[in-house]
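Worksheet: the structure to be examined is printed underneath.
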């Protein structure tokens, strides 16, 4: 779903970036007829010249002056790592279409002209892509549950013990619109040849599985619907050993 990010001060209201990385507690914008600042490139530096006169009080306080107003089109989804936190975080994926870089620092975010909060903007060169995170959405409910942990006793002649693990991720959309989700979990990865991860069963299959065991699912939830992800695996290890981190 496409949205727009209303931007003030270097694209997405990066007040602090213009002034050396320090932003005021509240945006204090001068109410002036905004004209686009003139940009001069000098070596590794960019100079922004405000085209109109602005009154700045001599009160030893930091004041913000708008120098540009632009819009960035973004794609929104939710990012979840349920094993660490049962929460869904709104994320915007965007591309810097400005002719100048967006510097790292405090930023004030607007969606459809509505102020939604303050966050941190990472450096984005012209043409670069990046993500912005807008906080938790409680209308996307997430639950991470260990549904089984069964120790399988070794046979009479076996010197190997096994534990079978089962986990379930439950996702529910209480919003009145369809939402896109990226869910991240992880399978254990053994660095010991005597410890193995077997009988892996993932439903549904992840869209991406990394060498370090990270699993990525990309799902779509319709309004009022629920979906589940199941993760099952067996850890085999030498008899008498102690497993750490499981």
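Net length available on complete extension from residue 172 to residue 244 is 22.7 nm, with 0.36 nm assigned per residue and the Cα-Cα distance removed. Highest mean packing first, where packing is the average number of other Cβ atoms within 10 Å per residue, the peptides 49-57, 231-239 line up as 231-239, 49-57.
Can you put 75, 114 in order, fewest other beta carbons within 10 Å first?
Details: 75 13, 114 8.
Lowest count first: 114, 75.
Label-to-label distance, residue 218 versus residue 46, with points set 7 angstrom from Cα along the beta-carbon direction: 2.9 nm. As a proxy for reagent exposure, 183, 229, 152 were ordered by neighbouring Cβ count within 10 angstrom, fewest first; the result is 152, 229, 183.
Taking the inverse of the mean reciprocal distance over all distinct Cα pairs, the Kirkwood hydrodynamic radius of region 96-183 comes to 18.1 Å.
Taken along its three principal axes, the alpha carbon spread of region 140-238 comes to 58, 25, 15 Å, from the longest extent down to the shortest. Going from the fewest other Cβ atoms within 10 Å to the most, the residues 65, 179 appear in the order 65, 179.
Where a number appears in this text, it was derived from the coordinates with a stated rule and is not lab data. From a predicted model like this one, the values you see are computed outputs, not experimental measurements. Methodologically, a virtual Cβ is constructed for each residue, glycine included, from the backbone with ideal geometry; neighbour enumeration extends over all protein chains shown.
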